[in-house]
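Taking it in order: structure first as structure tokens, then the write-up.
The values are calculated or read from the model by the stated rules, or taken from the named source; none is laboratory data. Every value quoted in this text rests on a predicted model; they were computed, and no experiment measured them. Here the Cβ is made from the backbone with ideal geometry for all residues, glycine too, and neighbour counts use every protein chain on show. The area values use the complete protein model at the heavy-atom level, side chains included, leaving out ligands, DNA and RNA. Shrake-Rupley method; radii C 1.70, N 1.55, O 1.52, S 1.80 Å.
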Amino acid sequence: MSDARHFDVPNYEEIRDTALRLLPANFRNPLIGQGLACEVCSAPIDGLMTRCDPCLRQRNNWTGQLADIVIPLSYAGSKNPQARQDLWLYKNSDHPEVSRLALNRLSYLIWYALVHHGPCLEAILGPVEVVTSVPSGKAGKRPDGHPLEQLTFYPTQPTRVHLVRTRDAVERVVHPDSIEVAGSLAVNGKHVLVIDDTWTTGASTQAAAVALRRAGAARVSVVVIGRWLNTSWGPTEQFLHARPADELWSPEVCPVTRGTCPTPS
Ligand SMILES: [Zn+2]
Ligand SMILES: [Zn+2]
């Protein structure tokens, strides 16, 4: 493990040790590669493709405007029910203690990924200058009241801006006009990191990326906590079936490359 490259943050060793105790059983590393998983979102793909259908369609419709990189941190599927449950519970549970524990696990996942592999992202796209998160799908909700705000973090503490949903999101449709960048001056010419909790087709996440580019962002990176898998779809079922049932999340896998960490530039 490339310990030398991580960001220096307070209580580093203590948090790392807890993360390494907590994460392996609860999450699953996303894969990448031709005929294996989508190069954008890590969804299982069929045959010799490099992208899944939604990512292909989005590229055709929004060439040059989508996120420069998408970094999924875990699959959320039937073989990793904890990630799936946590992503639901942290926002929706009626029991504060249950939401708190779910939020806690997700926080360690994002902390570990960004403290250890933020430098990997920056080796490819330069320093992260602004951080934000994808707003809830419903218009009119206060952006700073959304639970995802608690997971919106980057170790170097860059400028934070809010994305505001002005109209309800439409499922599976990339609709950047429904998102307003509050603080567009702050994103102009900058490398913006967008944090999202769940990716299903990526439509709302990519809409945020397009809205940020229209507001002048020079580069847009996306970190997604869970790549939600539709386990009733044939190739996904086969893909999950082919992976060992006892497979655990490994800190050795770089979420930026979904392989080894890139060499520092
Ligand atoms: Zn994809
Ligand atoms: Zn890395």
Please enumerate the residues belonging to the stretch 80-96 that are basic (Lys, Arg) and under 15 Å from Leu23 (Cα atoms).
Arg84
Verdict on Asp246 being modelled with pLDDT under 95 and charged (D, E, K, R):
yes
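Here's the yes/no breakdown for (1) more than 16 Å from ligand 2 (Cβ to nearest atom); (2) surrounded by 16 or more Cβ atoms within 10 Å (Cβ to Cβ); (3) under 30 Å from Arg5 (Cβ atoms):
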{"site": "Pro158", "(1), (2), (3)": "yes, yes, yes"}
{"site": "Val164", "(1), (2), (3)": "yes, yes, no"}
{"site": "Glu171", "(1), (2), (3)": "yes, no, no"}
{"site": "Glu180", "(1), (2), (3)": "yes, yes, no"}
Selection within the stretch 220-262 - in contact with a Lys or Arg (Cβ under 8 Å, 6 or more places away or on another chain) and either within 16 Å of ligand 2 (Cβ to nearest atom) or within 30 Å of Lys190 (Cβ to Cβ) (or both):
Val220, Gly226, Trp228, Trp249, Cys261
Determine whether Gly216 is within 16 Å of ligand 1 (Cβ to nearest atom) and either open to solvent by less than 70 Å² (accessible area, probe 1.4 Å) or touching a residue at least 12 places away in the same chain (Cβ under 8 Å) (or both).
no
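Please go through the stretch 108-143 and pick out each residue that is charged (D, E, K, R) and modelled with pLDDT under 90.
Across the stretch 108-143, the qualifying residues are Lys138, Lys141, Arg142.
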Those residues that are under 23 Å from Glu122 (Cβ atoms), touching a helix residue (DSSP H, G or I) at 6+ places or on another chain (Cβ under 7 Å), in contact (Cβ under 8 Å) with a residue 60 or more places away in the chain and among the hydrophobic types (A, V, I, L, M, F, W, C), I need them from the stretch 156-209; list them, please.
Val192, Val194, Ile195, Trp199
Flagged in the stretch 219-233 as away from ligand 1 (no atom under 16 Å from the Cβ) and either out of contact with any Asp or Glu (no Cβ under 7 Å at 6 or more places or on another chain) or part of a helix (DSSP H, G or I) (or both), in numbering order, are Ser232
Filtered residue count, the stretch 1-22, keeping only those that are polar (S, T, N, Q) and surrounded by 12 or more Cβ atoms within 10 Å (Cβ to Cβ)
2
